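Visitor: My questions will all concern the structure given below.
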Amino acid sequence: MNNNEHFDVVIVGAGISGAIMAQELGKNGKSVLILEAGTGTGGRFFSSDCDAPSQENSQPLSSYQTYMSTFFTALAKIPNAPYPNNANAPQPLVTDLAPIPQGQISDNGYFVQTGPLPFASTYTRAEGGTTLHWLGTCLRMLPEDFELKTRFGRGLDWPISYDELRPWYEIAEQNLGVSANANEQNYQQIDNPAVHIPFAASYEYKMEKIPQSYLDQYFSKGLAQMQVSFEGKNYPIDVVSTPQARNGMPRGDYRPVGAVGHETAGQRCAGNSNCVPICPIQAKYNALKTLEQAKKTGKVEIRTQCVAYQLETDEQGKNIARVHYKKYQSSDNPDHQCHAVSGTIVVLASHAVENAKLLLASNVANSSDQVGRNLMDHPTMLTWGLMPTDIGAFRGPGSTSGIPSLRGGEFRKSRAAFRIEIGNWGWSWPEGAPVGTVPDLIDEKNMFGEQLKNYIASVYPRMFRFGFLVEQLPDANNRVTLDDNYRDQLGNYRPVISYNVTDYTRAGMAAAKEVSDQIFQRLGIEGFTEYKPSDAGYLTYRGEGYSYNGAGHLVGTHIMGDNPNTSVVNKYQQSWDHPNLYLVGCGNMPTISTSNPTLTMAALTYWAAQNVLEALNPC
Amino acid sequence: MDKLADFYQVSVVLTGYNRSRLMATGIGEEYFEVLTSLVPGKIIDELFICSRALAHEYKGEALNEKFREQILSNDRLGPVARNILKMWYLSLWYQLPQSWRETYGVPSQTPGKYQDIDFVISENAYIQGLVWPALGSHPMGAKQPGYGTWAFKPGEELTRINLGTDHPVSDIEEGNLS
Ligand SMILES: Cc1cc2nc3c(=O)[nH]c(=O)nc-3n(C[C@H](O)[C@H](O)[C@H](O)COP(=O)(O)OP(=O)(O)OC[C@H]3O[C@@H](n4cnc5c(N)ncnc54)[C@H](O)[C@@H]3O)c2cc1C
Ligand code: SF4
């Protein structure tokens, strides 16, 4: 065992945040080691400038293709379906979810859930991380989202403003390959100034917006001029295309990184309608693309099947002296060896829950007692129905537009804001259609032959659903803790999660349902929404029942702030307690607001990389 | 009489797709293999003989009515017929109902290639599921229709992959197989 290995930077986690760090530091000549808990992906994909797998890559070329096969033959096509279930680096699954009986603990999956409500989101522990199965929605936050406390007396303020983050958003949008039009995404066309986002005057995204689905266009027409009223004030309903990290038509000489197929064929999204759980042609961004570029710097080494489990401080308890990890040979077998490495700087990029776990297990960076606390998600409420006419459901990327006009406003003093996502895949999320619903047509509705075929042809193309991503505020009791009784087969801790949804968010869900009802009325949509007490995410507000799902947006387990007593990292994303420790990922975000968090987190990570670089090169 | 031809005959009535469309999936023989390894030969023969006789005698709606009466509502044949239908549409084998298994099932003594549990028949089968063309789209994750096609009015996709038009079941295919 060689415990003297040293790198400029040791990064824990080969997901998007770790990949960005590695690429930025490697490009600037720093030696970087990434420890990745999960298995590798081998020869990753063909890109315009990488037509062959690199020599040193010992794994077979077909790993990504293996993910595809696993997906095709998986019974439950859940987000983690294509990716290996690895008992040495276990991951949460949506199929683990169930209501938690009062006073009991639910521990049938990787998470140990103490309730009272189940935490419904998941992530992936394999090289590339959770962006392997993300949808790729890349919204910026609103300026007011950075100042919730000051403006609305709710949640927390960020230690930075939108204006400070703006240049980093631009870098993230360029490097992830976001397709959109700036003159739509600044929301200036929306008659609600609270949601306006100032973009730099000359700024444009590198690829044109992804075409809006036929369903989106149908909504745009049908909802033109629609308004809803909250607390006596009118707000517009505007359908706007969603910025997506998915290859569209490049502007100028920009070329997106990596997709299967030759550059001249566009490498664009081809409408496989499978972005979650896996894009077969990698037209959707995933972190493998950034990892590939990081490796090309020649300065970055990625060690897969290496689970970091402890950070050891120097004798003064000041700096992180060593990162301890367990290297296993096979995911079926717990046999492993323990190693340690050191880095001038250590970066944790292992995902919000895993970062918190590692800090708690090591008893570091927690003088504020905030590590693991303030866990947030977007409780996502669905409504679904049949459109009066064929809108061509089950086509295109998962979502190409949304209704962002209610993301901000004075109502945030009293209840949560939300963004509405328009889903292109019929009832696949709420009902598992078509594979989950057709058996009922055969077994219970007793259809067969022409009748069955015609029924499917006349009903399924009219299916649609909304997703309401409702904001949640930081709450010290929504938290990840550790318990010696709960460990995985390598002996590492499993996350113990307590979680609840406050009335502020429940009131947002109720307002969302009202908006949905009005839209259904206006367009003559036949509603099929049903919230059942047996749903894992069932809750009530003022006597009405609602159900939420996980969005996969795990935020806030090691929040940043400007006070070491109430936050874990400073605005530079550096631990208040240990100067050579940086944390990256959505765990840094003090509030979640209404945008999917990864673009903001990526922007923050580019900034953090700059800060690490400056720390390594003091002038 | 070729049993595979019988299998297609019963499949045409069950699925509402004609025989050439079913054969074009290239997956029928695999479904047939799954069926014959999980359901006793006697029951399969009974199903095939019954279906062939009905199709010989009845056409159109009358055939459907008789098919319901003699096959779908029969406690021995109904679950098997529905499983064939589900294979074609969803590419899945569903475990046969408990009561059927207790009465008619033959427990496999040795682990064979297939077991009577829920499973996806194969990667290729998933891609060939008939539910996708029935709902006017492509299987999620395969047969990509091309950039921007989702913006078109349904049915207008220029680049849509079409494996052949789905004509209504013809009398000839229903009745005269031999
Ligand atoms: C279904 C779904 C859809 C989503 N869609 C969107 C979307 O449209 N837009 C959006 O903004 N966000 C979306 N997200 C969220 C997004 O995927 C995450 O925010 C993002 O991937 C987080 O990046 P990360 O680098 O922090 O963590 P990850 O991407 O999870 O990467 C962490 C890496 O660290 C590794 N690791 C974990 N523990 C250890 C350890 N102990 N030692 C070593 N390595 C370790 C993991 O294996 C993994 O490779 C979605 C999430 C889900 C689940
Ligand atoms: S729609 Fe298809 S091709 Fe496009 S990103 Fe999603 S999975 Fe990939």
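Visitor: Take the residues in the range A:272-286 that are β-branched (Val, Ile, Thr) and within 15 Å of ligand 1 (Cβ to nearest atom), then tell me which one is most open to solvent (accessible area, probe 1.4 Å). Steps first, answer last, please.
Guide: We begin by selecting, within the range A:272-286, every residue β-branched (Val, Ile, Thr); these are A:276, A:278, A:281.
Pick out the ones that are also within 15 Å of ligand 1 (Cβ to nearest atom) and you get A:276, A:278.
Details: A:VAL276: 45, A:ILE278: 0 Å².
Applying the filter and picking the extreme gives A:VAL276.
Visitor: Identify all residues within the range A:188-215 that are away from chain B (no Cβ under 14 Å) and in contact with a strand residue (DSSP E or B) (Cβ under 7 Å, 6 or more places away or on another chain); write none if there are none.
Guide: Applying the first criterion (away from chain B (no Cβ under 14 Å)) to the range A:188-215 yields A:188-206.
Listed by number, the residues that qualify are A:ILE190, A:ASP191, A:ASN192, A:TYR205, A:LYS206.
Visitor: Among the candidates A:TYR218, A:TYR187, single out the residue that is in contact (Cβ under 8 Å) with a residue 60 or more places away in the chain and not in a loop (DSSP other than H, G, I, E, B). Before the answer, list the steps.
Guide: Working: A:TYR187 fails: not in a loop (DSSP other than H, G, I, E, B).
Within the list A:TYR218, A:TYR187, the selection yields A:TYR218.
Visitor: Among the residues of the range B:101-140, write down those that are assigned by TED's automatic domain parsing to the domain that holds B:GLU30 and modelled with pLDDT under 85.
Guide: Across the range B:101-140, the qualifying residues are B:GLY105, B:VAL106, B:PRO107, B:SER108, B:GLN109, B:THR110, B:PRO111, B:GLY112, B:LYS113.
Visitor: Taking the range A:107-117, which residues are open to solvent by 20 Å² or more (accessible area, probe 1.4 Å) and in a strand (DSSP E or B)?
Guide: Those that are open to solvent by 20 Å² or more (accessible area, probe 1.4 Å) and in a strand (DSSP E or B): A:THR114, A:PRO116.
Visitor: Restricting to the range B:62-116, count the residues that are farther than 24 Å from B:TYR17 by Cα, assigned to a helix (DSSP H, G or I) and not polar (S, T, N, Q).
Guide: Of the residues in the range B:62-116, 4 are farther than 24 Å from B:TYR17 by Cα, assigned to a helix (DSSP H, G or I) and not polar (S, T, N, Q).
Visitor: Here's a follow-up. Of A:ALA433, A:ALA417, A:ALA457, A:ALA393, which residue is at the interface with another protein chain (Cβ under 7 Å from one of its Cβ atoms) and hydrophobic (A, V, I, L, M, F, W, C)? First the steps, then the outcome.
Guide: Values: A:ALA433 fails: at the interface with another protein chain (Cβ under 7 Å from one of its Cβ atoms); A:ALA417 fails: at the interface with another protein chain (Cβ under 7 Å from one of its Cβ atoms); A:ALA393 fails: at the interface with another protein chain (Cβ under 7 Å from one of its Cβ atoms).
Matching residue, one of A:ALA433, A:ALA417, A:ALA457, A:ALA393: A:ALA457.
Visitor: Restrict the check to the range A:82-94 and report whether at least one residue is in contact with a strand residue (DSSP E or B) (Cβ under 9 Å, 6 or more places away or on another chain), in a loop (DSSP other than H, G, I, E, B) and modelled with pLDDT under 90.
Guide: No, there is no match, as no residue in the range A:82-94 is in contact with a strand residue (DSSP E or B) (Cβ under 9 Å, 6 or more places away or on another chain), in a loop (DSSP other than H, G, I, E, B) and modelled with pLDDT under 90.
Visitor: Hey, another quick one. Can you tell me which residues in the range A:467-506 are in a loop (DSSP other than H, G, I, E, B) and in contact with a helix residue (DSSP H, G or I) (Cβ under 7 Å, 6 or more places away or on another chain)? Steps first, please.
Guide: At the first step, the residues of the range A:467-506 found to be in a loop (DSSP other than H, G, I, E, B) are A:471-478, A:482-486, A:488-492, A:494-495, A:500-502.
Passing the criteria: A:GLU471, A:GLN472, A:LEU473, A:LEU482, A:PRO495.
Visitor: Could I ask something else about it? Can A:SER179 be described as within 14 Å of chain B (Cβ to nearest Cβ), within 16 Å of ligand 1 (Cβ to nearest atom) and out of contact with any Ser or Thr (no Cβ under 7 Å at 6 or more places or on another chain)? Give the steps one after another, and end with the answer.
Guide: On the way: within 14 Å of chain B (Cβ to nearest Cβ): yes; within 16 Å of ligand 1 (Cβ to nearest atom): yes; out of contact with any Ser or Thr (no Cβ under 7 Å at 6 or more places or on another chain): yes.
Judged against the criteria, A:SER179 is a match.
Visitor: Confirm whether A:SER331 is out of contact with any Leu (no Cβ under 9 Å at 6 or more places or on another chain), open to solvent by 20 Å² or more (accessible area, probe 1.4 Å) and polar (S, T, N, Q).
Guide: Working: out of contact with any Leu (no Cβ under 9 Å at 6 or more places or on another chain): yes; open to solvent by 20 Å² or more (accessible area, probe 1.4 Å): yes; polar (S, T, N, Q): yes.
So A:SER331 fits the description; yes.
Visitor: Search the range A:257-271 for residues being more than 16 Å from ligand 1 (Cβ to nearest atom) and at the interface with another protein chain (Cβ under 9 Å from one of its Cβ atoms), and hand back the single one that is modelled with the lowest pLDDT.
Guide: Of the range A:257-271, the ones more than 16 Å from ligand 1 (Cβ to nearest atom) are A:257-268, A:270-271.
Next, from what is left, pick out any that are at the interface with another protein chain (Cβ under 9 Å from one of its Cβ atoms): A:266, A:268, A:270-271.
Numbers: A:GLY266: 56, A:ARG268: 82, A:ALA270: 81, A:GLY271: 80.
The residue in question is A:GLY266.
Visitor: Something else now. I need the full set of residues from the range A:316-361 which are out of contact with any Lys or Arg (no Cβ under 9 Å at 6 or more places or on another chain), assigned to a strand (DSSP E or B) and without any contact (Cβ under 8 Å) to a residue 40 or more places away in the chain, in order please.
Guide: Passing the criteria: A:ALA321, A:HIS324.
Visitor: Right, A:LYS289: more than 10 Å from ligand 1 (Cβ to nearest atom) and in a loop (DSSP other than H, G, I, E, B) or not? Quick ask: steps written out before the conclusion?
Guide: On the way: more than 10 Å from ligand 1 (Cβ to nearest atom): yes; in a loop (DSSP other than H, G, I, E, B): no.
For A:LYS289, the condition - more than 10 Å from ligand 1 (Cβ to nearest atom) and in a loop (DSSP other than H, G, I, E, B) - is not met.
Visitor: Related question: Quick one: is A:THR313 more than 14 Å from chain B (Cβ to nearest Cβ) and in contact (Cβ under 8 Å) with a residue 40 or more places away in the chain? Before you say what the answer is, go through the steps one by one.
Guide: Working: more than 14 Å from chain B (Cβ to nearest Cβ): yes; in contact (Cβ under 8 Å) with a residue 40 or more places away in the chain: yes.
When the stated conditions are applied, A:THR313 passes them.
Visitor: What about A:LEU386, is it aliphatic (A, V, I, L, M), over 26 Å from the mean Cα position of the chain (by Cα) and open to solvent by less than 30 Å² (accessible area, probe 1.4 Å)?
Guide: On the way: aliphatic (A, V, I, L, M): yes; over 26 Å from the mean Cα position of the chain (by Cα): yes; open to solvent by less than 30 Å² (accessible area, probe 1.4 Å): yes.
Taking the combined requirement at face value, the residue satisfies it.
Visitor: Run down A:GLY491, A:GLY508 and say which single residue is surrounded by fewer than 17 Cβ atoms within 10 Å (Cβ to Cβ), modelled with pLDDT of 95 or more and of a type in the set (Gly, Ala, Ser). Give the steps one after another, and end with the answer.
Guide: Working: A:GLY508 fails: surrounded by fewer than 17 Cβ atoms within 10 Å (Cβ to Cβ).
On inspection, the qualifying residue turns out to be A:GLY491.
Visitor: Next question, about the same structure. Please report, ordered by residue number, the helices (runs of 4 or more DSSP H) entirely within the range A:399-465 with at least 1 residues that are among the small types (Gly, Ala, Ser). Write out each step before concluding.
Guide: On the way: elements: A:428-431, A:438-443, A:449-459.
Result: A:428-431, A:449-459.
Visitor: Could I ask something else about it? Given the condition within 16 Å of ligand 1 (Cβ to nearest atom), hydrophobic (A, V, I, L, M, F, W, C) and out of contact with any strand residue (DSSP E or B) (no Cβ under 9 Å at 6 or more places or on another chain), answer yes or no: does some residue in the range A:333-345 qualify?
Guide: There is no residue in the range A:333-345 that is within 16 Å of ligand 1 (Cβ to nearest atom), hydrophobic (A, V, I, L, M, F, W, C) and out of contact with any strand residue (DSSP E or B) (no Cβ under 9 Å at 6 or more places or on another chain).
The values are calculated or read from the model by the stated rules, or taken from the named source; none is laboratory data. These numbers were taken from a predicted model, which means no experiment stands behind them. Note: ideal-geometry Cβ built from the backbone for every residue, glycine included; neighbour counts use all protein chains shown. Just so you know, the surface numbers come from the protein's heavy atoms only, side chains and all, with ligands and any DNA or RNA stripped out. Shrake-Rupley method; radii C 1.70, N 1.55, O 1.52, S 1.80 Å.
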